[in-house]
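To start, the structure itself, in structure tokens.
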Amino acid sequence: MSVIESSGTARAAASASATPRERRATAVAHANQLRALAWIALRDGAPHGAMRAATARTAARRILQHERRAALLNRALAQALEALVEEQADLVG
């Protein structure tokens, strides 16, 4: 399934159950696919090749940036949840 074919809900459901390593690998694969499309856009002779290539490269960068932000957020949430569990355990016992 390509980046364009995937639906938002299917992607959200798949990313919720995927491990961080799987999500990272998927993001890198999508970015590489977009970079390959950019290379093809520059060489296929169709109109506006440079613009299409720049758009594809920008999309690849945004995918990777989004995954980096999501990884940072997931780490912060995991730490906060761990602190909350420890606090609750101290209150109980």
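Throughout, read-outs are computed from the coordinates displayed, never taken from laboratory work. Bear in mind the structure is a predicted one, so any value in this text is a computation, not a measurement. Don't worry about glycine lacking a Cβ; one is built from the backbone with ideal geometry, like all the others, and counts go over all protein chains shown.
Of note:
- Where labels lie 7 Å past Cα in the beta-carbon direction, separation of Ala80 and Met51 in nm: 4.2 nm
- Under Karplus coefficients 6.51, -1.76 and 1.60, residue-wise ³J(HN,Hα) of the stretch 60-74 in Hz, glycine/proline x: 4, 4, 5, 4, 5, 4, 4, 5, 4, 5, 5, 5, 4, 5, 4
- What the Cα atoms of the stretch 8-92 give is an Rg and a Dmax of 19.0, 69 Å.
- Highest mean packing first, where packing is the average number of other Cβ atoms within 10 Å per residue, the peptides 26-37, 47-58, 66-77 line up as 26-37, 47-58, 66-77.
- Once the chain from Gln88 to Ala25 is taken as fully extended at 0.36 nm per residue, the excess over their C-alpha distance is 19.1 nm.
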